[in-house]
Amino acid sequence: MTTLRYAGSLRFCLALAVLGLAAARSPAQIRLRIDTSHEGPRINPSMWGVFFEDINFGADGGLYAEMVKNRSFEFPNPLMGWSVELARNASGEVTVRNEDPFHPENPHYLELRSALGAVSVINEGFHGMGVKRGQKYDFSVRVRRAGPGTRDLTVEIIAPEGAVLAKGRITGLSPRWTLHKETLTPNATHPKAKLRLTLAGEGGAQVDMVSLFPRDTWKNRPVGLRADMVQMLADLSPGFVRFPGGCIVEGRYLTNRYRWKTTIGPIECRKLIINRWNDEFKHRPAPDYYQSFGLGFFEFFQLCEDIGAEPMPILNCGMACQFNSGELAPMDQLDPYIQDALDLIEFANGPSTSAWGAKRAAMGHPAPFKMKMLGIGNEQWGPQYIERYAAFARVLKAAHPEITLIASAGPAPADDRFKFAWEKLRPLNAEIIDEHCYAAPKWFFDNATRYDQYDRSGPKVFMGEYAAQSVAIARPENRNTLECALAEAAYMTGLERNADVVRLASYAPLFGHLDGWQWTPNLIWCDDLSVYGTPSYYVQKLFSRNRGDVVLPVEGATQEINSPGAKLFLSAARDDRKAEIILKVVNPGPAPVAIAVEFTGAARIGRTGEATVLSGSPADENSLQEPRRVAPARERIETGQKMNYQLKPHSMTVLRVPAK
Ligand code: AHR
């Protein structure tokens, strides 16, 4: 037996490389010693967060529960998502108009004219509309009567083949724009329903902001977010939410960059723009992908508050996406971008008597959102980024020293762009640097010790985007396998052990719609009716729900185990509130591994604890049909000053051991 001391007793890093001999022997035992009196770095309470971007129909058609696509006819093709239906022998027409609109930021609306019979418009929804039997759906529309005759409109939820699932009537049309509402209750569940609006008899009506929401939204907020999807986030207990992107912050060109100010206030004032993922991947085109901003900055802040996460907005720094145009705002024209940042801080944190704080209050939240972090640019690189970051930092740190700024290290974890960023950001006293990594599972296993040797004196690290790619970066064949999840888990043990350097981390991307994704893998998948977490989701959950307050050193021992070249990856922490020691161990190999853990130091170890285990075959995945094929299972275990436990093959295990 050889005893190893890991990463100098100061950093307590540990990646147990265990070279094994031949297979088919009883599991060998790995000896581990955890010093309960020797405290390592304190773990940031907000360490494990989530990163939300409107990619893969994550917002419109996803988290934002609106079911009508192109509800205000502002797509470049105003009838995209809509079809026109004329009853047999009917005569009528549908036109797109813009005179005297309901709101100038939403200039287009639809006019239905019927001379005889009935004319209908049908909305196909985002990949259909998922409706549930007996649930209530809130329909609303702005209507203006166009000429004499017309008295009412019919609204129906229909199945694609025409069966009526729910029906309502909009009556008393006025010659002025008026808001009408109707509750619809489908008589059957359907994953791909549609919405039909019909004008019968002789007359005309103009319609705008045609909308359908489930009544069952997150916290039952009208026109809110999908409850099941937010619940998945809440279940992670995320320490922060990074939003709204991602490349979406940058836009292909600066004209299409994300501007937070256009995403607040009444929804009809929020000006729609193209989603930059609309035409990014030729193999996954999404011509109907736009941003309505129904989920805007106010809703993001509110979501963070709801789920107890720190808000981490990311702002455009005067650079369009460098994978696209790379368009730059000239340095002498950067002021409006910096002003946007100052105004955002006031919107989030200012008193309701301030100009931007008043807008927050008008939206129903007089109290500040207590934002503490702000990202300057998304995934930028090069000298142009450094000078823009420096200009932002100069102004923002002078005006708001209380806000921690996050800088970018570019799109890769170790290339020249990355090295250049660190070299230049260090002397600028950057506080936190955002590192991104999409790589093969092997990279994550190999880099579990990446931060053991990081400079402790410089900027801290935010691992802002990472995910193991089963095939290659952003390839459509990528799968959310258990192997990928275990690779991420192994890497995360290294993030946790180095919690003095790595302060924050988030997987990316967060959501993918099964019928509308552009990028895979994703943490959580949904269709219009359901949602499920991937094995990676459960790894994130195991870390964030078993965070611990302070890292504890572990000494380990190598021994022969059954599988050649097998490794364990682990980290230990103490949960002060629960008075427990948390040991996370990843055994990616195909053989079970027995561990013998000895606790030294002052703590008195209790006799029963808990093990939570995520395991399966490396290629295992979850799906709508089998959402928990790979999911953690819990069991009571015997614990003690010296205890034994057997790790399953291909597993991540969290042991919670009482320690007073
Ligand atoms: O997460 C998907 C994309 O990957 C993000 O938008 C971008 O920041 C990164 O390149």
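Among residues of segment 323-350 being open to solvent by 20 Å² or more (accessible area, probe 1.4 Å) and in contact with a Pro (Cβ under 9 Å, 6 or more places away or on another chain), the one that is nearest to the ligand (Cβ to nearest atom) is F323. When N278 is tested against the conditions (1) within 16 Å of the ligand (Cβ to nearest atom); (2) crowded, with 23+ Cβ neighbours inside 10 Å, the lone failure is (2). Number of residues in segment 525-557 that are part of a loop (DSSP other than H, G, I, E, B) and either open to solvent by less than 10 Å² (accessible area, probe 1.4 Å) or β-branched (V, I, T) (or both) equals 2.
Quick grid of which residues meet (1) farther than 29 Å from Q322 by Cα; (2) open to solvent by less than 20 Å² (accessible area, probe 1.4 Å):
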site	(1), (2)
R226	yes, no
P238	yes, yes
I248	no, yes
L254	no, yes
R259	no, no
E268	yes, no
P287	no, no
F300	no, yes
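Residues are listed down the side, and each one gets a yes or a no for (1) among the hydroxyl-bearing types (S, T, Y); (2) within 16 Å of the ligand (Cβ to nearest atom); (3) closer than 23 Å to G162 by Cα:
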{"position": "E53", "(1), (2), (3)": "no, yes, no"}
{"position": "N56", "(1), (2), (3)": "no, yes, no"}
{"position": "G81", "(1), (2), (3)": "no, no, yes"}
{"position": "V94", "(1), (2), (3)": "no, no, yes"}
{"position": "Y109", "(1), (2), (3)": "yes, no, no"}
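Here A362 passes the criteria (1) over 24 Å from A409 (Cα atoms); (2) touching a strand residue (DSSP E or B) at 6+ places or on another chain (Cβ under 9 Å) except the one numbered (2). Looking across segment 39-51 at every residue that is out of contact with any Phe, Trp or Tyr (no Cβ under 8 Å at 6 or more places or on another chain) and not hydrophobic (A, V, I, L, M, F, W, C), the one that is nearest to the ligand (Cβ to nearest atom) is identified as N44. Between S457, S506, S470, the distinction of being under 23 Å from A407 (Cα atoms) and open to solvent by 40 Å² or more (accessible area, probe 1.4 Å) belongs to S457 only.
Contact annotation: residue pairs with Cβ atoms under 8 Å, 6 or more positions apart or on different chains, pairing a residue in segment 429-440 that is in the same structural domain as E387 (by TED's automatic domain parsing) and open to solvent by less than 20 Å² (accessible area, probe 1.4 Å) with a partner that is basic (K, R) and away from the ligand (no atom under 12 Å from the Cβ), are I432/K460; I432/R503; I433/K460. Residue check, F293 against (1) under 30 Å from P186 (Cα atoms); (2) in contact with a strand residue (DSSP E or B) (Cβ under 6 Å, 6 or more places away or on another chain); (3) assigned to a loop (DSSP other than H, G, I, E, B), all met but one. Which one? F293 satisfies every listed condition except (2). Determine, yes or no, whether R360 is more than 16 Å from the ligand (Cβ to nearest atom), assigned to a helix (DSSP H, G or I), modelled with pLDDT of 95 or more and closer than 15 Å to A341 by Cβ. So R360 fails the test. Of the residues that sit in segment 368-416 and are open to solvent by 50 Å² or more (accessible area, probe 1.4 Å) and within 26 Å of the chain's Cα centre (by Cα), which one is nearest to C437 (Cα to Cα)? For segment 368-416, the residue satisfying everything is A414. Starting from residues that are among the small types (G, A, S) and in a strand (DSSP E or B), keep the ones in segment 97-119 and report whichever is surrounded by the fewest Cβ atoms within 10 Å (Cβ to Cβ). Here the answer is A115. Scanning segment 616-642 for residues that are part of a strand (DSSP E or B) and either surrounded by 19 or more Cβ atoms within 10 Å (Cβ to Cβ) or of a type in the set (D, E, K, R) (or both) turns up R634, E635, R636, E638, K642.
Being in a strand (DSSP E or B) and open to solvent by less than 30 Å² (accessible area, probe 1.4 Å) is the filter here, so list the residues in segment 302-313 that pass it. Within segment 302-313, P311, M312, P313 qualify.
One residue alone among F102, F75, F126 is at pLDDT 95 or above, more than 24 Å from the chain's Cα centre (by Cα) and not assigned by TED's automatic domain parsing to the domain that holds P285, and that residue is F75.
Every condition in (1) within 16 Å of the ligand (Cβ to nearest atom); (2) closer than 14 Å to Q384 by Cα; (3) open to solvent by 30 Å² or more (accessible area, probe 1.4 Å); (4) not small (G, A, S) holds for M319 except the one numbered (3). Here K271, K282, K370 are screened, and the one residue that is closer than 22 Å to L396 by Cβ and either assigned to a loop (DSSP other than H, G, I, E, B) or at pLDDT below 95 (or both) is K370. Among the residues of segment 30-46, none qualifies, meaning not one is at pLDDT 95 or above, within 25 Å of Y109 (Cβ to Cβ) and not in a loop (DSSP other than H, G, I, E, B).
In segment 423-476, the residue that is nearest to L396 (Cα to Cα) out of those that are hydroxyl-bearing (S, T, Y) and more than 13 Å from the ligand (Cβ to nearest atom) is S457. Pairing residues of segment 377-398 that are not assigned by TED's automatic domain parsing to the domain that holds G464 with residues that are within 16 Å of the ligand (Cβ to nearest atom), at Cβ distances under 8 Å and at least 6 apart in sequence or on separate chains, gives no pairs at all.
A search for C-beta distances below 6 Å between a residue of segment 238-249 that is in a strand (DSSP E or B) and any residue that is within 6 Å of the ligand (Cβ to nearest atom) and open to solvent by 10 Å² or more (accessible area, probe 1.4 Å), counting only pairs 6+ apart in sequence or on different chains, returns nothing. Does R215 fit the bill of being touching a Lys or Arg at 6+ places or on another chain (Cβ under 6 Å) and either open to solvent by 40 Å² or more (accessible area, probe 1.4 Å) or free of Cβ contacts under 8 Å to residues at least 60 places away in the same chain (or both)? Yes; evaluated as a whole, the condition is true for this residue. Among residues of segment 399-408 being more than 12 Å from the ligand (Cβ to nearest atom) and touching a helix residue (DSSP H, G or I) at 6+ places or on another chain (Cβ under 8 Å), the one that is nearest to G246 (Cα to Cα) is A407.
For segment 500-524, filtering for residues that are assigned to a strand (DSSP E or B) and more than 15 Å from the ligand (Cβ to nearest atom) leaves 3. In segment 301-309 there is no residue that is farther than 30 Å from Q518 by Cα and either within 23 Å of the chain's Cα centre (by Cα) or of a type in the set (S, T, N, Q) (or both).
The values are calculated or read from the model by the stated rules, or taken from the named source; none is laboratory data. Computed from a predicted model, the values in this text were never measured in an experiment. Because the Cβ atoms are built from the backbone with ideal geometry, glycine has one as well, and the counts that use them run over all protein chains shown. Areas reflect the complete protein model, heavy atoms only, side chains present, ligands, DNA and RNA absent. Shrake-Rupley method; radii C 1.70, N 1.55, O 1.52, S 1.80 Å.
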